[in-house]
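**Q** Here it is, the structure, as structure tokens.
The values are calculated or read from the model by the stated rules, or taken from the named source; none is laboratory data. This structure is a prediction, so every number in the text was calculated from the model and none was measured. For neighbour counting, all protein chains shown are included, and Cβ atoms are generated from backbone atoms with ideal geometry for every residue, glycine included. When the accessible area is computed, the model is the full protein with side chains, heavy atoms only, and any ligands, DNA or RNA have been set aside. Shrake-Rupley method; radii C 1.70, N 1.55, O 1.52, S 1.80 Å.
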Amino acid sequence: FHENAGLGDIWAMAGLHLCYSRGLGGDKSPTEAYYWAKQADQFKVPAGVGRFLLARCYEHGIGVSKNEITASKLFAESSDQGFVLGELAVATAILQTKPNEDAIRRAKKLLENARRSELAQASLLLAKLQLGVIKGEKRDVAEGIKLLHEAADKNLPAAHQALYETYYKGRPGFPGKDLAKAKKHLVRAAELGYPVSQQALAREYYRKPPYEARLDFQQDFKRAFHWASLSASQSHPAGHVLLSVLYEKGDGVKLDYGKVKYHLDEAAIKLNDAKAKNRLATHYLEGKVIRPDPGKALELLKESADAGDANGCFLAGKMFEEWFRPGSKELKRYAYVGFHQQSHHAIHYYLQAYKKAKHPEAKAYLDRFAKFLNDEAVIRSVASDSFYPSTILNLLKRAHPESAKELQELFANPSSTIK
């Protein structure tokens, strides 16, 4: 690439940009990646290549400050100059919004052009439109599956992953369940280096809780470790979490609690994954594998819940309910800050868990609270500022006004419980 770039080969410059931006063949160098993008942009033929490479720099913050507005402008210029990857980028950006009919038509036109240029990613996006994964088109399952196979035939791992999910589920209106096909596509996607598929394949080989096996692989902890390691090496959070389970149980590897924490820290802290935060928080609460630290557990669960994870919402609610209850044994390990002052947080997080996933235990808690409030004697006493349900509800209104409104709507009929 260096030799050809020195001779003015723009594609060699593009190759150097990708090598330096990804650390292929040597260390990553954002400065060099940006330099070669600028060099490529000096050439007008083929049109749009340099604009596209510079757009990547601004999109990902490679050698320059991240700037989505500048990236969008450069992608659009690349597309207008007829560079097919620029067209694909513009179409992708359109579909990531809530496009109107005109925008959908424009995106489809760009994708069809990219498809004619044999870009497998264009076939995948068109498939998602036809299958209703991306909203905007009348669903045509047969055409969508055909497009998925077209992309898979071009060795696009994400298409193989989509076909695996299609064939193992066997949903109404889709091709029937076919575990042999599902297995073939999952293995191929993993072999092609797709981290999501590598973790899924590791899960199939593990075949133990907390994971559910869907295909007919034989249990093999060594292979589970192999594929989970490949997934984690590409910074896939679920790969790190599965490795933490292997090290926790000593399945296929030597028991190592230090590595349990390392992989959960990588997934939960470095990669900011909500599900990993839940698992790490649980370890901090149990104190069997990791030194107990309920303060860190609560912090992680709140972060998970605030990111919209339903299980994080439930676990945060449960912690507020149980750890701050008067007489709780756990209070010996955590500063008691008051039942009244914390119960409104439990209500808030349980409401979110119920809204997002109809969580049965969250529903049971809310039902109990509803029945308590609906007791006639309680209702007559709520007006008193000294009566603690009033205190809890007032705190809820101040701290979580939206949840207070939702609670009022749920309990509008005093004789009802959560539907």
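**Q** What are the radius of gyration and Dmax of the range 252-304, computed over its Cα atoms and given in Å?
**A** In Å, with Rg to one decimal and Dmax whole: 10.7, 33.
**Q** Going 7 Å from the Cα of residue 155 toward and past its Cβ, which residues in the range 185-215 have a backbone nitrogen under 15 Å from where you end up?
**A** In the range 185-215, the label zone of residue 155 (backbone N under 15 Å from the point 7 Å along Cα→Cβ) covers 188-194.
**Q** Add +1 for every Lys or Arg and -1 for every Asp or Glu among the other residues with Cβ under 11 Å from the Cβ of residue 75, and state the total.
**A** Details: positive: 51, 56, 73; negative: 59, 68, 77, 80, 87.
Combined, the nearby Lys, Arg, Asp and Glu give -2.
**Q** Right, here's the next one. How far apart, in nm, are two points set 7 Å out from the Cα along the Cα-to-Cβ line at residue 140 and at residue 213?
**A** 4.1
**Q** Ignoring ligands, DNA and RNA, please state the percent of accessible area on the range 64-195 from carbon and sulfur, probe 1.4 Å.
**A** Details: 3460 of 6940 Å².
Within the range 64-195, the accessible surface is 50 percent carbon and sulfur.
**Q** Right, something else. Using a simple spin-label model with points 7 Å from Cα along the Cα→Cβ vector, what separation in nm is obtained for residue 286 and residue 307?
**A** Using points 7 Å along Cα→Cβ, the separation is 2.0 nm.
**Q** Moving on to the next point. Starting from the Cα-Cα distance between residue 42 and residue 2, subtract it from 0.36 nm times their residue separation and give me the gain in nm to one decimal. Each step should come with its number before you reach the end.
**A** Working: separation 40, 0.36 × 40 = 14.40 nm, distance 1.67 nm.
Value of the extension gain: 12.7 nm.
**Q** In addition: Suppose all protein chains stay in the model; what accessible area per residue would a 1.4 Å probe give for the chain, in Å²? Don't skip to the end; give the middle numbers.
**A** Details: 21860 Å² over 419 residues.
Accessible area per residue, the chain: 52 Å².
**Q** If I take R0 = 56 Å and measure r between the Cβ atoms of residue 96 and residue 179 in this structure, what FRET efficiency does the formula 1/(1 + (r/R0)^6) give, to the nearest 0.05? Please report the intermediate quantities before stating the final value.
**A** Numbers: r = 33 Å, r/R0 = 0.58.
Step by step, r from the Cβ atoms, then E = 0.95.
**Q** Which of rounded, prolate or oblate describes the range 46-114 when judged by the alpha-carbon gyration tensor and an a/c cut-off of 1.5?
**A** Cα axes put the range 46-114 in the oblate bin.
**Q** In the range 205-291, what percent of the accessible surface is made up of carbon and sulfur (1.4 Å probe, ligands and nucleic acids excluded)?
**A** After summing per-atom areas, the C and S share lands at 49 percent.
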